[in-house]
Amino acid sequence: MPPPSSRCGKLSPVHYRYFRRLPAVPHYSGPLLTRPTAEALLAARDAGAGEWAGSLDLGRSNGNASLEPDSWQWRSQHYPYPHKLKDRAIYYWDGDEFAPVSRYSGSLIKLVPTEWGAPTFEIDGIKMLPTSKESPFEDARRKVALIEPRGKVVLDTCGGLGYFAACCLEAGVARIHSFEKNADVLWLRTLNPWSPDPDEVDPDVPASGGRLQLTHADVSQAITQVADASVDALLHDPPRFGIAGELYSQVFYDQLARVLRRGGRLFHYTGSPNKLTSGRNVPREVEKRLEKAGFKAQLALDGVLATRR
């Protein structure tokens, strides 16, 4: 694949030096269980069936598991039937048992099932992706469409589970650079079949191929190392204001304006904070700050869509 280019030209060497990809980490390929899936396996066994058909990767595909009295087999490997599982948890095979996809490193971070297949995640019980009306993956697809990523170089400031990146790749992005600050969220990505893998690519030799580069860094600091007018579009999906106020600051928005070429689009997720309890209208505050930074901004979906003037 040739080096990505845009109306502002190729990305500068400074840009490439900064975006060092994460070391390749194999994506988990074993079964993922939720309580309904485990109960369905057991019900099929108890009914005398020798096989169960369904999804063991959160709806990404369907397959068959062979059922025996004391174990079941999937993709040529045997697994024990799990003990009773919790409702709002996803379990993976850790080599010894089915363990919940969760970690505690100062905050409890966990992958959480949804009725749509694609999971969300929580940090200390706070749901990080909208799931009440549609799949978080479909929600990401609608937002990504606003920046029209085909053929563009896109900066994804807060990668999360990677749904923005996956939708950009699906839509034909030339290259997408994603940041994620939290190492535990990056671990969740390796277990989530809906999360895209970063490409095997030498960042100093862009012609070697690969469109997704994922960096473990705090974008509020790393943004200063990104070259001026070096990206065609931006996706900004920060945690809520009370957790990451620096990602809503005028200083940060000025940096976003600096790295985005003129005419480039930005979608900024804000959600819909309760104005009565918070006493603030965060979407309007964001709109005003983006205008001050050099954008033409308007409310769109559950956030703000802005164009660099």
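The values are calculated or read from the model by the stated rules, or taken from the named source; none is laboratory data. Remember, predicted model here, so these are calculated numbers, not experimental data. As a convention, Cβ positions derive from the backbone with ideal geometry for all residues, glycine included, and neighbour counts pool all protein chains shown. Remember, those area values only see protein heavy atoms, side chains included, never the ligands or the DNA or RNA. Shrake-Rupley method; radii C 1.70, N 1.55, O 1.52, S 1.80 Å.
Can you run down the residue pairs with Cβ atoms below 8 Å, 6 or more apart or on separate chains, where the first is in segment 217-228 and without any contact (Cβ under 8 Å) to a residue 40 or more places away in the chain and the partner is assigned to a helix (DSSP H, G or I)?
These pairs meet every condition: SER220/GLU246; SER220/LEU247; SER220/PHE252; THR224/GLN255; ASP228/ARG258; ASP228/VAL259.
Looking only at strands (runs of 3 or more DSSP E) that fall completely inside segment 239-309, which ones have 1 or more residues that are open to solvent by 40 Å² or more (accessible area, probe 1.4 Å), in contact with a strand residue (DSSP E or B) (Cβ under 8 Å, 6 or more places away or on another chain) and of a type in the set (Phe, Trp, Tyr)?
Once the strands (runs of 3 or more DSSP E) in segment 239-309 are filtered for at least 1 residues that are open to solvent by 40 Å² or more (accessible area, probe 1.4 Å), in contact with a strand residue (DSSP E or B) (Cβ under 8 Å, 6 or more places away or on another chain) and of a type in the set (Phe, Trp, Tyr), what remains is 260-269.
With the condition kept exactly as written, say whether any residue in segment 253-263 is in contact with an Asp or Glu (Cβ under 6 Å, 6 or more places away or on another chain), among the aliphatic types (A, V, I, L, M) and touching a residue at least 40 places away in the same chain (Cβ under 8 Å).
Taking every residue of segment 253-263 in turn, none turns out to be in contact with an Asp or Glu (Cβ under 6 Å, 6 or more places away or on another chain), among the aliphatic types (A, V, I, L, M) and touching a residue at least 40 places away in the same chain (Cβ under 8 Å).
Got at least one residue in segment 254-267 being at pLDDT below 95 and within 19 Å of the chain's Cα centre (by Cα)?
no
May I ask you to list the residues in segment 108-120 that are farther than 19 Å from LEU41 by Cα and either open to solvent by 40 Å² or more (accessible area, probe 1.4 Å) or in contact (Cβ under 8 Å) with a residue 60 or more places away in the chain (or both)?
LEU108, ILE109, LYS110, LEU111, TRP116, ALA118, PRO119
Could you check ALA207 against (1) at pLDDT 95 or above; (2) over 20 Å from GLY159 (Cβ atoms) and say which number it fails?
(1)
Would you kindly identify the helices (runs of 4 or more DSSP H) lying entirely within segment 136-205 that contain at least 2 residues that are charged (D, E, K, R), more than 16 Å from GLU122 (Cα to Cα) and open to solvent by 10 Å² or more (accessible area, probe 1.4 Å)?
Hits in segment 136-205: 136-145.
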